[in-house]
Structures are given as C-alpha cells and as structure tokens.
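Please treat every number below as a calculation from the coordinates, not as lab data. For clarity, every value in this text was computed on a predicted model and none was experimentally measured. Methodologically, a virtual Cβ is constructed for each residue, glycine included, from the backbone with ideal geometry; neighbour enumeration extends over all protein chains shown.
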Amino acid sequence: MTSKNLRIFSYLPNPRLFKSTIVGRICGVEIEIRGAKPNELSEWLWDFDARPLSKEDKERKNSTVLASKGFDNELFKTSEFLAAHPFGNVPAAFSPDGKTGVFESNSIMRSVARIGENTKNVYGFDAFSSSRIDSFLDSSLVFACDSQAYLLSLMKDTLTVDIYNSVASAFTVWLNGVERALSNHKYLSSDYLTLADVCFACEIALLYNEKYHKDQLENCKLDLLVNPKNYEQFPRSWRHFEKLVEHPDFQPDLGPYLRKLEDLGK
C-alpha cells in the first residue's frame, strides 16, 4: 500500500466526489485527488497518472481520443484508463497500483468505507443493515440520473419542459421516501449516520447548481427545484440536509461549495 489508500480523478469541484472525501474523513482513509475544472479536462491525460497533457502525451500511440458525455471537446484517455474504467467516466477511482478501477460515485464511496474497515459502521453492522443502506443508495440513482440530465441541459441551454418535469417528478418521489424514512429514524437508514446520508447530502448539493441558470428557468417560466415550496412540503428532508451540511466531516466540502452557490441568490 502506498501513502495514499485511493486515488480519484475527477472534475472539480464535484459533490459526487465529496461522497468519498466525506467518508474518508469519517473512516480515516487518505485519498489523493487529481483533476481540474470541467472545461479544463480536455487538456488532461485521462489515466491513473492523470495530468495536464504534454506534447508527448498527445503523440502516444496507446492514447485514445474520445468524446464524452458532458464534455464538448475530445478527450485523451489511455488504453489503461479504459481497461480500468470501461465506461470512461469520472469520477474515476483507482487502487494504489492503478490496476483496479472503481467507477460510479456510490461505489467509490462504498470502497472508501471498506478500505477504512467500516469504522463507525457507516456501511452497516451486518448483512441486513448494509443491504438497507444499499437500498437507499440504489433509490437515489433514479433521481441522480434525471438530475444529471437536467443540469447538463441547463449548462448547454437545451432544457425542455419534458426534462424539467421528469426531474421534478423524480425529485418528489425521492423526497417522499426520505420524509417517511426520517419520520422513523434520526438518520435515513437508522439512528446513526451512514453512507445513505452522505449520498443524500451530496446529491442535494449538486442540485443547487441550477442556481447558475435561474434566468434560463425564469425565461421558461419554470421554478428552481430548490425552493421554499419544497422546504414546506418536505420539512424533515431539508432539516436533515441542513444538519448534515454543518457536520464537521461534511462542512470542509459542502460548506464552501454551497456558500458560493448561495451567493448567486443574493
């Protein structure tokens, strides 16, 4: 094992990456982060040894140039990167030797908990509690898929009413489940903090990016999804989110990220 337990390559900042860094703090796992702003990643070599492209990197025969979802420019991905990450997306995590890739933010987060030997039982204390946490993580994926399509459409100025209605419906279904869960427990899956809560907080934080495009929504006569009506309809969910943001293991990531986005509403 190297001095780092895990290496992750991603665009920055990224709330879905925060899932892993938050759990890393809780479980004492050291994570090495490599990456840059989204519009800068086309000038990076996508690899275990991710780095800004050099002339030699561009000329390497084993580099593959591919377009990627969410990116307008072609991207340089090595054959080794694609072997470890067959879907070719970020965030992309690697074992210390770079040979094993772990992809999708919930799976990367789970790997951090396992590396940290699941201290504080953030990934459950037996097969059933762990599977219950997995159920919450899987349920979040339906909303996460719609929210990604929604945010990308805002970024590309291609939002349609159908896209908006789809994410609004998924958001409502998801928060209805969260409300019921929080009516029975202090946290989502139980009375203690787990990966389910980390995922919940980070997915909500990502949605706040819609504030960058509030003028576009207003022009379409559509409301921000994060709005006072939702606070009233799902009070437990928003209180829980606010509590998690202030948690000392969440605050280093979510605090600065959300403060920047909140400034857009002033």
**Report entry** Computed magnitude of the charge dipole of the chain (debye, nearest 20; Cβ of K, R +1, Cβ of D, E -1)
**Finding:** 240
Report task. For Arg239 and Asp157, compute 0.36 nm times the residue count separating them, minus their Cα-Cα distance, and round to one decimal in nm. Result -> 26.3 nm
Report summary line: Computed over the Cα atoms of the range 6-115, the Rg and Dmax in Å are 13.5, 42
Query raised in the report: Cross-link list Lys186/Lys229; Lys58/Lys156; Lys55/Lys77; Lys77/Lys99: which exceed 19 angstrom alpha carbon to alpha carbon?
Result: Lys186/Lys229; Lys58/Lys156
Requested in this report: Report, in debye and to the nearest 20, how large the dipole of the range 138-217 comes out about its Cα centre when Lys and Arg carry +1 and Asp and Glu carry -1 on their Cβ.
Outcome: 100
Report summary line: Per the charge dipole of the chain (beta-carbon charges, Lys/Arg positive, Asp/Glu negative, Cα centre), the residue among Tyr164, Gly116, Pro256 reaching farthest to the positive end is Gly116
Report summary line: Candidate cut points under trypsin sites (Lys or Arg not before Pro) in the range 89-128, DSSP loop plus at most 12 other Cβ atoms within 10 Å of their own Cβ, are Lys99
Requested in this report: Find, among the chymotrypsin sites (Phe, Trp or Tyr not before Pro) in the range 90-170, those assigned to loop by DSSP (not H, G, I, E, B) with at most 14 other beta-carbon atoms within 10 angstrom.
Outcome: Phe125
**Report entry** Local electrostatic count, Ile26, Cβ distance below 9 Å [Lys/Arg +1, Asp/Glu -1]
**Finding:** +1
Report task. Read phi for every residue in the range 28-38 and hand back ³J(HN,Hα) as whole Hz from Karplus 6.51 cos²θ - 1.76 cosθ + 1.60, θ = phi - 60°, with x for Gly and Pro. Result -> x, 9, 8, 10, 9, 9, 10, x, 7, 4, x
Query raised in the report: Short version: what are the Cα gyration tensor semi-axes of the chain, square root of 5 times each eigenvalue, largest first, in whole Å?
Result: 30, 25, 15
